[in-house]
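Below is one structure, written out as structure tokens; comments come after it.
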Amino acid sequence: MSEDVRKQIQALRKEVQRHEELYRKKHAPEISDFEFDKLLDQLADLERAHPELAGPDLGIGDDKAEGFQQADHRAPMLSLDNTYDEADFRAFGDRLYKALGGSGLELIIEPKVDGVAVSLTYEKGRFVRAVTRGNGTRGDDVTANVGLIREIPRALKGAPEVLEVRGEIYMELEEFQRLNAERETEGEAPYANPRNLAAGTIKLLDAEEARKRRLSIVCYGLGACEPADAFGTLKDFKAKLKSWGFPVRDDIDVQQGVDAAWEAIRRLDTLRRGFPFPTDGAVVKVNRIEDQRRAGTTSKFPHWAVAFKFPPDQADTVLRSISMQVGRTGVITPVAELEPVLLAGSTVGRATLHNAGEIAKKDIREGDTVRIQKAGEIIPQVLKVVLERRPADARPFDFEGRLKELGLDATREGEEAAYKLRSPSREMKIRRLIHFASKQCLDIDGLGEAVAEQLVDLGLVDAPVDALAVSADQWRLLEGFKEKSVDNMMSGLADARNRELWRAVHALGIPNVGMQTAKDLARHFRSMDALADAKKPDLLITKVGKKGGVSYESVIAGVGKEVSESILSFFSDPNHRDWVKAMRKAGLNLAESTVGGSVEGVAGKTFVLTGTLPSLGRDEARDLIEKAGGKVSGSVSKKTDFVVAGEEAGSKLTKAQELGVPVIDEAALRKMLGG
């Protein structure tokens, strides 16, 4: 019996760890929060009943990621315990009432924004850093990316000596839909939900990519505060936050007692339908700070707060068919084509099916009645099949058979969940070419979607680099290309051959390699050949711990395990190595230039840009520094050599002054660059 329980516990722990990895690290959850909490409860019940079989703490909720510096929270940043029904919520109220000696309960009710928890630290009224929750005591320093959120005040007048402001970073639904529209235009699978995209954006090591996505924040909580008695109630604290310019939510006033709080939760469930952000519940907190201290905490949760999770919106509809969507990298995503149905205020006609394994696991068949849900997702997911309504002639879905029907030659590699084309489709060729010619790659003016389609359809371009070899006579075959257009294109292609090395690296479209990573790789390897020939030790240092555990240390800052594996996998493909040969044959620059480049006093130095410069744009200043052999970083540290400050310079200037880092203006930078 004990052996059966041991196996059950081990299986549950493995399943919990897998879903935690999908949610926290990969931002691609396969189950809802409710389903995950049920797994945790099942594991906890078993380990309580059999403590001799219990394993070590699983670190649930730890969002620390590879490639980030970490920082401690001055006060623990705890998670919230979840409740899903009225009885559980009232039991929370009873416990709280007893803990406070029967005194009246003043409760704050707020929407539970579905985003990423963050702590903003202010010292002497100046914003100094932003740190994710991490494990509650230590998290990732994400100051550079959080600094892109304009709603965060840089200075607070009359603030306590030290103040930690807790908040939730999220992505508004409108911004999420805008980015997904771009994804669909590029032939990529849409992002699953705003929460995952917000989390992924905060953890982007590519600052340029992060700038393309607009994040928002709502602030609600008090962390460390010196002096400790600066605020008497949470309501007073939120009013002060509002006066400083922080975004706060005060949709519902303070409630007296559990009955009033429950009615407020029900009211909030209606109000949230009109909010511009995703919300999956209500947070209930004790208003008086002293009462919070009296109620106390566990090692994970405060006793004075709870999250009531709203049930996900669900509907039943017929799955008409399963279609296949092919992305730029060749990954195939199955999509459920549904009988349109009203769900959470909008008509839904499609839902994600994730991958072949998900279809097989849930035994989803065309013609089935399926239950779909939105649980923080804008794009619904198929929750399950309504088996009692399954048609008699419904047949198990043959994923590989459907691929053959569609003429898609695809396979799965290793433990990968997704199928990927062995050779590119027309759509892939077009998307790759558009990326290759984009402003952040080789910047070939005039080579947009319409031109890319013609080049592929005429058979002039198979791999993106083929565009560099298209002759003037061949350009004349394209619709709309007269002599002037042809001359402009030939001139643009000549310019593209002389672009910086990092642009060629970025143009290859290596998965997980954005513009900043391409610059880091070019700076480190100095040539495309050196990058293509790189081995694992050139990118990652393997470390074996005392207990046999293996960890990796990046050779290049910001190029972690996932990115390194993408690079090695990309260049292990003979087709991709042929691209490099074709680039060289076409005369593309494949080496880091030093002629007229390095400038003494700039080469090898690290710069941080902050504020608005008089005449130089941020990207222009970055390019000038990098061409002179310098490096531009997004955050100030002891390793920073210079901070270039313009008007409205914020926390980076303050940090530089605290660390004694030299601060210069644009005129001084121009002088260093030789005018």
Quiz prompt | Residue among Ala198, Ala228 that is assigned by TED's automatic domain parsing to the domain that holds Ala87 and either at pLDDT 95 or above or under 30 Å from Gly330 (Cα atoms) (or both) | solution = Ala198
Quiz item: Restricting attention to the stretch 65-84, and to residues there that are touching a helix residue (DSSP H, G or I) at 6+ places or on another chain (Cβ under 9 Å) and part of a loop (DSSP other than H, G, I, E, B), which single residue is farthest from Ser119 (Cα to Cα)?
Solution: Tyr84
Exercise. Scan the stretch 439-458 for residues that are part of a loop (DSSP other than H, G, I, E, B), in contact (Cβ under 8 Å) with a residue 12 or more places away in the chain and within 29 Å of Ala518 (Cβ to Cβ) and jot them down.
Key: Gln440, Cys441, Leu442, Asp443, Ile444, Asp445, Gly446, Leu447, Gly448
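A quick yes/no check of all residues on (1) crowded, with 17+ Cβ neighbours inside 10 Å; (2) more than 20 Å from Gly115 (Cα to Cα); (3) at pLDDT 95 or above; (4) among the acidic types (Asp, Glu):
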{"residue": "Asp251", "(1), (2), (3), (4)": "no, no, no, yes"}
{"residue": "Pro276", "(1), (2), (3), (4)": "no, no, no, no"}
{"residue": "Val284", "(1), (2), (3), (4)": "yes, no, yes, no"}
{"residue": "Asn287", "(1), (2), (3), (4)": "yes, yes, yes, no"}
{"residue": "Thr297", "(1), (2), (3), (4)": "no, yes, no, no"}
Exercise. Please verify whether the stretch 106-127 includes one or more residues that are under 25 Å from the mean Cα position of the chain (by Cα), touching a residue at least 12 places away in the same chain (Cβ under 8 Å) and not in a strand (DSSP E or B).
Key: yes
Quiz item: If you go through the stretch 484-501 one residue at a time, do you hit one that is loosely packed, with under 12 Cβ neighbours inside 10 Å, within 28 Å of Val331 (Cα to Cα) and not assigned by TED's automatic domain parsing to the domain that holds Arg526?
Solution: no
Quiz item: Within the stretch 625-652, how many residues turn out to be modelled with pLDDT under 85 and either more than 25 Å from Thr517 (Cα to Cα) or outside any loop (DSSP other than H, G, I, E, B) (or both)?
Solution: 11
Quiz prompt | Matching entry among Gly601, Gly587 (being surrounded by 14 or more Cβ atoms within 10 Å (Cβ to Cβ), more than 14 Å from Phe525 (Cβ to Cβ) and at pLDDT 90 or above) | solution = Gly587
Quiz prompt | Selection count where residues are in contact (Cβ under 8 Å) with a residue 12 or more places away in the chain and among the charged types (D, E, K, R), scope the stretch 473-486 | solution = 1
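Rundown of residues vs (1) assigned by TED's automatic domain parsing to the domain that holds Thr121; (2) touching an Asp or Glu at 6+ places or on another chain (Cβ under 9 Å); (3) surrounded by fewer than 17 Cβ atoms within 10 Å (Cβ to Cβ); (4) among the charged types (D, E, K, R), yes/no style:
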site	(1), (2), (3), (4)
Ser615	no, yes, yes, no
Glu620	no, no, yes, yes
Leu624	no, no, no, no
Val632	no, yes, no, no
Phe642	no, no, no, no
Ala645	no, yes, no, no
Leu653	no, no, no, no
Leu659	no, no, yes, no
Ala667	no, no, yes, no
Quiz item: Applying the selection to the stretch 128-158, what residues are free of Cβ contacts under 8 Å to residues at least 24 places away in the same chain and within 19 Å of Lys240 (Cα to Cα)?
Solution: Arg150
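Table: residues versus (1) crowded, with 21+ Cβ neighbours inside 10 Å; (2) at pLDDT below 85; (3) within 21 Å of His303 (Cα to Cα).
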residue	(1), (2), (3)
Ser32	no, yes, no
Glu52	no, yes, no
His73	yes, no, yes
Ala91	no, no, yes
Arg126	no, no, no
Gly134	yes, no, yes
Quiz item: Name the residues in the stretch 653-664 that are more than 29 Å from the chain's Cα centre (by Cα) and assigned to a helix (DSSP H, G or I), would you?
Solution: Gln657, Glu658, Leu659
Quiz prompt | Residue that is in the same structural domain as Thr201 (by TED's automatic domain parsing), more than 18 Å from Lys285 (Cβ to Cβ) and outside any loop (DSSP other than H, G, I, E, B), where the choices are Ala87, Ala44 | solution = Ala87
Quiz item: Of (1) in a strand (DSSP E or B); (2) over 27 Å from the mean Cα position of the chain (by Cα), Ser551 satisfies all except one. Which?
Solution: (2)
Quiz item: Which residues, taken from the stretch 459-491, are in a loop (DSSP other than H, G, I, E, B), modelled with pLDDT of 90 or more and farther than 25 Å from Asn575 by Cβ?
Solution: Arg476, Leu477, Leu478, Glu479, Phe481, Lys482
Self-check item: Whichever residue in the stretch 555-577 is among the β-branched types (Val, Ile, Thr) and in a helix (DSSP H, G or I) and, among such residues, is modelled with the lowest pLDDT
Solution: Val563
Quiz item: Assuming Ile265 fulfils every condition listed in (1) surrounded by fewer than 18 Cβ atoms within 10 Å (Cβ to Cβ); (2) farther than 29 Å from Ala230 by Cβ apart from one, which condition is it?
Solution: (1)
Exercise. Go through the stretch 359-374 and count every residue that is out of contact with any strand residue (DSSP E or B) (no Cβ under 8 Å at 6 or more places or on another chain) and either touching a residue at least 60 places away in the same chain (Cβ under 8 Å) or not aliphatic (A, V, I, L, M) (or both).
Key: 1
Exercise. Go through the stretch 9-30 and count every residue that is in a helix (DSSP H, G or I) and surrounded by fewer than 16 Cβ atoms within 10 Å (Cβ to Cβ).
Key: 7
Practice problem: Go through the stretch 611-636 residue by residue and tally those that are within 21 Å of Ala155 (Cβ to Cβ) and of a type in the set (Gly, Ala, Ser). | Solution: 3
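Here's the yes/no breakdown for (1) surrounded by fewer than 16 Cβ atoms within 10 Å (Cβ to Cβ); (2) under 23 Å from Val318 (Cα atoms); (3) aromatic (Phe, Trp, Tyr):
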{"position": "Lys362", "(1), (2), (3)": "no, yes, no"}
{"position": "Ile372", "(1), (2), (3)": "no, yes, no"}
{"position": "Leu383", "(1), (2), (3)": "no, yes, no"}
{"position": "Ala392", "(1), (2), (3)": "yes, yes, no"}
{"position": "Leu406", "(1), (2), (3)": "yes, yes, no"}
{"position": "Glu413", "(1), (2), (3)": "yes, no, no"}
Self-check item: Residue list for the stretch 448-461, restricted to those being surrounded by 14 or more Cβ atoms within 10 Å (Cβ to Cβ) and touching a helix residue (DSSP H, G or I) at 6+ places or on another chain (Cβ under 8 Å)
Solution: Ala452, Glu453, Leu455, Val456, Leu460, Val461
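The values are calculated or read from the model by the stated rules, or taken from the named source; none is laboratory data. These figures come from a predicted structure and were not determined experimentally. FYI the Cβ positions are ideal-geometry reconstructions off the backbone, even for glycines, and counts take in every protein chain you see.
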